[in-house]
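The values are calculated or read from the model by the stated rules, or taken from the named source; none is laboratory data. Here the structure is a predicted model, which means the values were calculated and not measured. Note that each Cβ is placed from the backbone with ideal geometry, even for glycine, and that neighbours are counted across all protein chains shown. With ligands, DNA and RNA removed, areas are computed over all heavy atoms of the protein, side chains included. Shrake-Rupley method; radii C 1.70, N 1.55, O 1.52, S 1.80 Å.
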Amino acid sequence: MDIAHWLTTIDLLCARDFPAEPGRTDGGTGGPGYLIAELQTSGDFPDYDGARWEETADQYEADRDGLTERLTDRWGPPHRISLWSTLERSMDGEDIPEPWASLSAHVPDVHLWRPPGTARWVALGVSQWDKELPFQLLAVVTETDPP
């Protein structure tokens with residue numbers, strides 16, 4: 001875990017322009033109105049091991065919570081937002097804006113701030129697509145309001 005590096009990455013995301021087109025960036029993905037940094041990625045779980053999977057899930061949530069503490073010192077307590085209803089609404093055909101539509105498919109909830117003096121949101125979440133795939137600690141910077 002390298003919180004200092006992650007804080008620097010978040011600061012850089014907050015200062016960068018958003019890409020004109022969706023696609024890969026040097027540290028994750030981005031598109032019009034958003035950037036997503038992959039702060040940390042675990043290994044795969046090809047032979048699902050429940051104990052190792054649970055341990056990794058707990059560690060990624062602890063890392064997110066440690067980073068949340070540092071961002072709380074800067075910007076105050078986060079909003080904690082479940083993306084479950086966003087996923088359901090998108091599956092029912094509602095047009096959900098990015099990055100929220102794609103995040104809701106693999107990030108169950110986010111810790112969310114709106115730093116003072118900016119029109120951008122900063123979110124932290126733990127991504128896990130499926131039991132055999134890696135976990136990721138994600139930082140999201142977007143100008144799109146959460147749904």
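Points to keep in mind about this one:
- Condition broken by residue 54, with the remaining ones in (1) open to solvent by 30 Å² or more (accessible area, probe 1.4 Å); (2) modelled with pLDDT of 95 or more satisfied: (2)
- Residue within the range 104-112 that is open to solvent by less than 30 Å² (accessible area, probe 1.4 Å) and either part of a helix (DSSP H, G or I) or polar (S, T, N, Q) (or both) present: yes
- Residue-level check: of (1) open to solvent by less than 30 Å² (accessible area, probe 1.4 Å); (2) under 24 Å from residue 112 (Cβ atoms), residue 12 misses just (1).
- Test for residue 2: is it exposed (fewer than 11 other Cβ atoms within 10 Å of the Cβ), at pLDDT below 95 and at negative phi: no
- Selection count where residues are open to solvent by less than 70 Å² (accessible area, probe 1.4 Å), assigned to a helix (DSSP H, G or I) and in contact (Cβ under 8 Å) with a residue 40 or more places away in the chain, scope the range 73-88: 2
- Residue in the range 61-70 that is crowded, with 16+ Cβ neighbours inside 10 Å and assigned to a loop (DSSP other than H, G, I, E, B) present: no
- Residue within the range 89-96 that is farther than 17 Å from residue 143 by Cβ, modelled with pLDDT under 95, more than 16 Å from the chain's Cα centre (by Cα) and buried (at least 18 other Cβ atoms within 10 Å of the Cβ) present: yes
- Just so you know, in the range 24-42 the residues that are modelled with pLDDT of 95 or more and of a type in the set (Gly, Ala, Ser) include one that is nearest to residue 68 (Cα to Cα), and it is 37.
- Pairs where the first residue, in the range 114-129, is among the aliphatic types (A, V, I, L, M) and the second is assigned to a strand (DSSP E or B) and surrounded by fewer than 19 Cβ atoms within 10 Å (Cβ to Cβ), C-beta under 6 Å, 6+ apart: 123/112
- The single condition among (1) at pLDDT 95 or above; (2) among the small types (Gly, Ala, Ser); (3) within 26 Å of residue 18 (Cα to Cα) that residue 62 does not satisfy is (3).
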